[in-house]
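Chemist: My questions all concern the structure below.
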Amino acid sequence: MIDVPHFPLAAVVGAEALKLALCLTAIDPKIGGVLIEGPRGMAKSTLARGVADLLASGQFVTLPLGATEERLVGTLDLDAALGESRAQFSPGVLAKADGGVLYVDEVNLLPDHLVDLLLDVAASGVNQVERDGISHRHTARFVLIGTMNPEEGELRPQLLDRFGLNVAMSGQTAPAQRSQIIRRRLDFDADPHAFCLHWADEQRELQARCETARRLLSGIELDDGSLAVITERCFAAGVDGVRADLVWLRAARAHAAWRGSSAIALEDIDAVADFALRHRRRTLSAPEPATPPAAPPAPALSLAQGAEPDSASGQWGEMPAQPVSTGQRREVPVWPKKP
């Protein structure tokens, strides 16, 4: 089997926000993974594979399309059960991903119960299996990276919230950048080893920065001042629950470590705000404008005031007033008095 190296993350053109989110999750997997949203052909899987090289194990495991629960968590080893009459655990995808990256393409097309299970293990770092006469527990600490194309369906809000960070990729790329992306991809496909050798210095620099950040991480305090800023902003954004607060604080700490700092600063909180809030921010609908009270009808002019009669005002069939000439006196007959 030929060992083809991963496309180095340092060689990826653009996508700076996503690269930062992936590096922060590699620094602190407890953030809860990254959900990448974007249309087809945006190199989401290439970026996910590049993260594996930032980890000590370099392990990259893909959850197969149509995987069952047994394939995911592990199950009874049938060979040992039938041949040796003993119950033995057969590891699943979660066990193989321990210490590396678990990549789930089109996570929005997975059955909800599998996504639930996957996120539970990613959060706890432990896989507990109780089935088929076996009871087994093993560590499963991995960087979870999920991708989805929103055009093919959405995740339920309850599952969406459980991904630590969320990044959306735009399908519109400037022509100059598109040309650069294609040229690097062609160079990699022509000779992967020579391409990786060309980018080896930049990739080692990125790996060293992540490793240094991991060493600094435990010494950076999750201080009350930073927490106060984050909780205020989460409240203002109308997010449900407190997972956003915790993820945001952890991501800010990882960003401080990424900078080489020993404390969380406001710039760290700002840098990861959209990652933590994008999929949790509640859009409040604007209140509908109140219907103004109907204006009272204007008083109609009487015909004596010179109003023109029409079918909308006045009475149907009403005759217009006729002017009375005042040029002549009318003689009023006088009746004789009674004797």
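Chemist: How high is the relative contact order of the range 217-283, given as a whole-number percent (alpha carbon pairs under 8 Å, six or more residues apart)?
Modeler: Value for the range 217-283: 43 percent.
Chemist: At 7 Å along Cα-to-Cβ for each site, give me the label-to-label distance between A123 and L266 in nm.
Modeler: Between A123 and L266, the simple spin-label model gives 3.3 nm.
Chemist: Go through 188-201, 96-109 and give me the packing order, highest mean Cβ count within 10 Å leading.
Modeler: In descending order of packing, they fall as 96-109, 188-201.
Chemist: Sorting R259, R156 on the 10 Å Cβ count, fewest up front, what's the list?
Modeler: So the ranking, lowest neighbour count to highest, is R156, R259.
Chemist: Output the antiparallel fraction of DSSP beta bridges having both residues in the range 1-169, as a percent to the nearest 5.
Modeler: Bridges in the range 1-169 are about 35 percent antiparallel.
Chemist: While we're looking at this one, here's another question. Excluding E152 itself, calculate the net charge of residues whose Cβ lies under 10 Å from the Cβ of E152, where each Lys or Arg counts +1 and each Asp or Glu counts -1.
Modeler: -2
Chemist: Same structure, new question: Let me have the relative contact order for the range 1-169, percent, based on Cα pairs under 8 Å that are six or more residues apart.
Modeler: Relative contact order here is 33 percent.
Read-outs throughout are calculated quantities, based only on the coordinates presented, and are distinct from any laboratory measurement. Just so we're clear, the structure is a prediction, and the values are computed from it rather than from any experiment. No Cβ is skipped: glycine too gets one built from the backbone with ideal geometry, and neighbour counts run over all protein chains shown.
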